[in-house]
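First comes the structure, then the notes that go with it.
The values are calculated or read from the model by the stated rules, or taken from the named source; none is laboratory data. These figures come from a predicted structure and were not determined experimentally. Don't worry about glycine lacking a Cβ; one is built from the backbone with ideal geometry, like all the others, and counts go over all protein chains shown. Remember, those area values only see protein heavy atoms, side chains included, never the ligands or the DNA or RNA. Shrake-Rupley method; radii C 1.70, N 1.55, O 1.52, S 1.80 Å.
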Amino acid sequence: MTADLGKRGLEFDEVEHQWIPMPDGVRLAARLWLPRETGPVPAILEYIPYRKRDMVRARDERNHPHFASNGYACLRVDMRGSGDSEGHMPDMYSDDELADARHVIKWIAAQPWCNGKVGMFGTSWGGTASMQAAVKAPRALKAVIANCATTDRFEDDIHWMGGCLLTDSFEWGATLPAILAAPPDAATVGPGWKEMWRRRLDGLSFPLSEWISRQTRGAYWRRGSVKFSTDDLSCPILAIGGWADRYSNSVIGLVKARPDLCHGIVGPWGHHYPDHGEPGPAMSFQDVALTWWDHWLKDAPMPKWPQLRLWQRAFDVPADRIATRAGRWIATDSSETHATESVFHPGKDGLSWRAGPGTRHSVPTDMQHGAYAGDTGYFGRIGGLPLDQSLDDARALCFDTESMESEILLVGHAEFHCGIVRDMAQAQLVCRLCEVDPNGRSNLVTRQVANLQRDVTLDGDARFAPGQIAHLCLRFPSTAYRFSKGNRIRLCIAASYWPLVWPAPFQASMQVDTGGARLALPCPSDISPLADMPPPAHLPPDPSWESTAEGPICRETGEMAKGGIFHLWRQPWSTTRFPELGLSFSSTTEMKCTTSTKDHAVQRCAVSVVYEIERPDGIARIESSLLGRTEPDGMSVALELDALWNGEVVAERSWRHGHKA
């Protein structure tokens, strides 16, 4: 198929399906866009498990045809065990997945349409896979772009935060098996598609068991965490993130670890490619990417980019959805050490510039703390931003500054040091940093949770003695923020963060000891204003798809009849249709978390995921439902998955974890 012309006017051919053989005989499925009549050209690879044929087809067509029209051979490859590819996927970042990426790169470099130079990019899983490939990279891999990716699978991924289990892990635990259970397409893989599907369903895994069982960082989480292999990175990386997405915490750390190889951009947006970034302002991912590819793959001059380009947020009136954030673009050289720190000391009079006598303050134990937290941002849902924090603040121990006489800048990792006194080893501590305006509206700046049972490495247990002071050094995720003159800075401390964080099994009694306590807000001395990033273009010019939804995302919070509180969100039924293929992909997801107001140890988290793929030969439907629960005698998780073809059940799978499951 000959496609439309692009920015540079190059025609390209589209190959809907191409097999790529692996050494063990498994074939991976690829979709290709190849420039015409240009001779061998550099190639760009995106390698993910999200179904090239339907699920992210529209997103693929924003990027790959544009890059092809600018002189690059482009490939979208389904990972082993997903989409149209053969094989089995037992878990994320398996040995086969990491090895397959290298084999695909070598295969690409050997093709007659490739000149031997390969770039790799992706968002989320695809961005992380790209960085993993850059560790002792194959010779052909010349550069990487990692968008919304993580370098630390335990601390900055979807599963755990500060050694505390995120309820996002349950959503992902129900979602990933549903994605992998969907069938390959007969139009691409041929008449053996149904047998291929049955083998996939027979081998379907439920890796949530590993995710919730591996409760310390350990070898399981370190594997594939580039943070621990930065010395072995061997090709340039452009890391891109957004402050509304916790994966953004990886960008500054990666650039600081390898300033010789890495550049970073963090905007205001969430878990998206930044051309569709919200909150805005969005950025033309494609233009920035082409500048990067042209230099590393075509030897074009590299512009004088600063090491880090960051959107420095300012106070926004909190809302579920914000189209454009307040703030500005700034630049900084990551090799610059923090030359200035604004240091505040908590005490009986709030946060002050001077340290006072040490005092002890009880930490409230209110399971409703966290009701206004919003999403973590991992799934890129529109909306779900943190709301006005003032009601959560009222359920926490808070220390406020006076109204500030001048602005305070924060760029990097804020740190809070204090003493903690508690009566049991297992305990959670939640810290939030907010800005409060004269009207009392509290805007979340950054937050962190800590499992106090774990040591600073998150690999083992910390020393504990009941009633004794234990020193806490809590490092907030990186951010860039400007506190405004006339507003107040507020530090909030609590003992739980439901429904984002699964609570500790027992509620500890805790006090904060402020003797020697301090809150440090760092800022490099080389901060400079930066021109706006290039605005996004409308790509592709003529979309091949039509998208509809039954309504916006629904979010509800309320009380239950029997003395409980529920938090619910629902993604309504949405459909993307590809008329030329006679193909559509539809989905809906719902998550409901409840907790008892009478018993701290009773929680429920229910997730429902439904996918439906309609194509000329029939309709596939995947239904996945999960229930996680904690009761006084323990935790259990149950997952049920059904795969149907034209309304008839092809497979029923179930999985249990925990003593009551």
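Considering Ser209, Ser169, Ser205, which residue is in contact with a His (Cβ under 8 Å, 6 or more places away or on another chain) and part of a loop (DSSP other than H, G, I, E, B)? Walk me through it before giving the result.
Details: Ser209 fails: part of a loop (DSSP other than H, G, I, E, B); Ser169 fails: part of a loop (DSSP other than H, G, I, E, B).
Ser205 is the lone residue from the list that is in contact with a His (Cβ under 8 Å, 6 or more places away or on another chain) and part of a loop (DSSP other than H, G, I, E, B).
Modelled with pLDDT under 95 and crowded, with 17+ Cβ neighbours inside 10 Å - does that describe any residue in the stretch 571-585? Scanning the stretch 571-585 turns up at least one residue that is modelled with pLDDT under 95 and crowded, with 17+ Cβ neighbours inside 10 Å. In the stretch 468-483, the residue that is farthest from Ile265 (Cα to Cα) out of those that are open to solvent by 40 Å² or more (accessible area, probe 1.4 Å) and part of a loop (DSSP other than H, G, I, E, B) is Gln468.
Taking residues in the stretch 612-638 that are outside any strand (DSSP E or B), and partners anywhere that are at pLDDT below 95 and not polar (S, T, N, Q), the pairs with Cβ atoms closer than 6 Å and at least 6 places apart or on different chains are Pro632/Ala601. The residues of the stretch 183-202 that are surrounded by fewer than 17 Cβ atoms within 10 Å (Cβ to Cβ) and part of a loop (DSSP other than H, G, I, E, B), listed by number, are Gly190, Pro191, Gly192.
Considering (1) part of a loop (DSSP other than H, G, I, E, B); (2) more than 15 Å from Gly327 (Cβ to Cβ), the lone condition that Trp269 does not fulfil carries the number (2). Taken over the stretch 484-503, the residue count meeting the criterion of being touching a Leu at 6+ places or on another chain (Cβ under 9 Å), small (Gly, Ala, Ser) and not in a strand (DSSP E or B) is 1.
Of the residues making up the stretch 262-281, those that are open to solvent by 30 Å² or more (accessible area, probe 1.4 Å) and either closer than 16 Å to Met131 by Cα or more than 15 Å from the chain's Cα centre (by Cα) (or both) are His263, His276, Pro281.
Check Ala520, Ala504 and return the single one that is modelled with pLDDT under 95, open to solvent by less than 30 Å² (accessible area, probe 1.4 Å) and in contact with a strand residue (DSSP E or B) (Cβ under 8 Å, 6 or more places away or on another chain). Full working, then the answer.
Working: Ala520 fails: modelled with pLDDT under 95.
Of Ala520, Ala504, the one residue that is modelled with pLDDT under 95, open to solvent by less than 30 Å² (accessible area, probe 1.4 Å) and in contact with a strand residue (DSSP E or B) (Cβ under 8 Å, 6 or more places away or on another chain) is Ala504.
Within the stretch 383-395, can one find any residue that is assigned to a strand (DSSP E or B), open to solvent by less than 40 Å² (accessible area, probe 1.4 Å) and touching a Pro at 6+ places or on another chain (Cβ under 8 Å)? No. The lone criterion from (1) without any contact (Cβ under 8 Å) to a residue 60 or more places away in the chain; (2) part of a strand (DSSP E or B); (3) out of contact with any Phe, Trp or Tyr (no Cβ under 9 Å at 6 or more places or on another chain); (4) among the polar types (S, T, N, Q) left unmet by Gln511 is number (1).
The residues of the stretch 484-501 that are open to solvent by 10 Å² or more (accessible area, probe 1.4 Å) and out of contact with any Cys (no Cβ under 8 Å at 6 or more places or on another chain), listed by number, are Ser484, Lys485, Gly486, Asn487, Arg488, Leu500.
Filter the stretch 14-66 for residues that are over 15 Å from Ser82 (Cα atoms), under 26 Å from the mean Cα position of the chain (by Cα) and either among the acidic types (Asp, Glu) or open to solvent by 50 Å² or more (accessible area, probe 1.4 Å) (or both) and give the result. If the condition is that a residue be over 15 Å from Ser82 (Cα atoms), under 26 Å from the mean Cα position of the chain (by Cα) and either among the acidic types (Asp, Glu) or open to solvent by 50 Å² or more (accessible area, probe 1.4 Å) (or both), then Arg59, Asp60, Glu61 are the ones that fit.
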